[in-house]
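Peer 1: Starting off with a structure, shown below.
The values are calculated or read from the model by the stated rules, or taken from the named source; none is laboratory data. Just so it is clear, the model here is predicted, and its values are computed rather than measured. Don't worry about glycine lacking a Cβ; one is built from the backbone with ideal geometry, like all the others, and counts go over all protein chains shown. Just so you know, the surface numbers come from the protein's heavy atoms only, side chains and all, with ligands and any DNA or RNA stripped out. Shrake-Rupley method; radii C 1.70, N 1.55, O 1.52, S 1.80 Å.
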Amino acid sequence: GVVQRQIDAVARYGMALPAAEPRYGVVGFCWGGAASFAHAVHSPTVGAAVVYYGTSPPADRLSQVRAPVLGLYGENDARVNATWPAFEAALKANDIPHTMHTYPGTQHGFNNDTTPRYDAAAAKLAWERTMAFFNKHLR
């Protein structure tokens with residue numbers, strides 16, 4: 001769709017910059033997390049996808065994931081966490097590298113410091129894991 005074509009365009013632009021490497025990763029939060037996960041299905045060139053409390057693409061499309069996925073979820077996010085078993089089983093069945101973390105006592109949006117759901121410790125740890133994941137898969 002349009003969102004994936006826009007991400008493709010941004011990736012091409014970014015990788016064409018003089019100091020850029022010829023690879024990229026995506027990260028998204030909530031709806032953007034779902035878009036990041038969908039980009040791992042869509043793009044043959046994405047190197048890594050990080051999903052902050054986003055839902056996954058349909059399970060029958062997960063065999064098409066083309067990049068390692070890091071999922072970061074709030075423990076008390078029943079709507080999103082209910083989608084875990086199906087997508088994790090599909091990723092495992094297709095040998096797609098993935099790591100999932102749940103942050104105890106946190107809500108959906110635990111990384112958003114403009115809401116009362118913000119959890120500074122979880123947000124810090126999740127961002128450290130995000131950077132380590134990108135360093136591992138994109139350098």
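Peer 1: For the chain, with every protein chain kept in place, what is the accessible area per residue (1.4 Å probe, Å²)?
Peer 2: About 53 Å² of surface per residue is accessible.
Peer 1: Round to a whole number: what % of the accessible area of region 38-95 belongs to carbon and sulfur, probe 1.4 Å?
Peer 2: 52
Peer 1: Kirkwood Rh over alpha-carbon pairs of region 29-139, then Stokes-Einstein at 25 °C and 0.890 mPa s: what D in µm² s⁻¹, rounded to an integer?
Peer 2: Values: Rh = 13.9 Å.
Reported coefficient: 176 µm²/s.
Peer 1: Next up: Which value in nm describes the separation of the simple spin-label points at Asn94 and Asn81, placed 7 Å from the Cα toward the beta carbon?
Peer 2: Going from the Asn94 label point to the Asn81 one covers 2.5 nm.
Peer 1: Hey, another quick one. Please identify, among Ala20, Ala120, Ala67, the residue showing maximal mean-square fluctuation in a Gaussian network model of the chain using a 10 angstrom Cα cutoff.
Peer 2: Ala20
Peer 1: Once R0 is set to 30 Å, what does the formula 1/(1 + (r/R0)^6) return for the Cβ-Cβ distance between Arg5 and Leu138, expressed as a FRET efficiency to the nearest 0.05? Please report the intermediate quantities before stating the final value.
Peer 2: Values: r = 22 Å, r/R0 = 0.72.
Computed FRET efficiency for Arg5 and Leu138: 0.85.
Peer 1: May I pose another question? Using a 1.4 Å probe and counting only protein heavy atoms, arrange Met100, Met131 so the residue with the most accessible area comes first. Don't skip to the answer; put the middle values down first.
Peer 2: On the way: Met100 30, Met131 75 Å².
Solvent-accessible surface, decreasing: Met131, Met100.
Peer 1: Net charge near His39, counting Lys/Arg +1 and Asp/Glu -1 over other residues with Cβ under 13 Å of its Cβ? Intermediate values should be presented prior to the final figure.
Peer 2: Values: positive: Arg5, Arg61, Arg66; negative: Asp8.
Its environment carries a net charge of +2.
Peer 1: Rg(Cα) of region 4-53 divided by 2.2 N^0.38 Å?
Peer 2: Normalised Cα radius of gyration, region 4-53: 1.10.
Peer 1: Using a 1.4 Å probe and counting only protein heavy atoms, arrange Tyr103, Tyr13 so the residue with the most accessible area comes first.
Peer 2: Sorted by accessible area, descending: Tyr13, Tyr103.
Peer 1: Also: For region 63-138 and region 1-45, what is the separation of their C-alpha centers, rounded to whole Å?
Peer 2: Centre-to-centre (Cα) distance: 18 Å.
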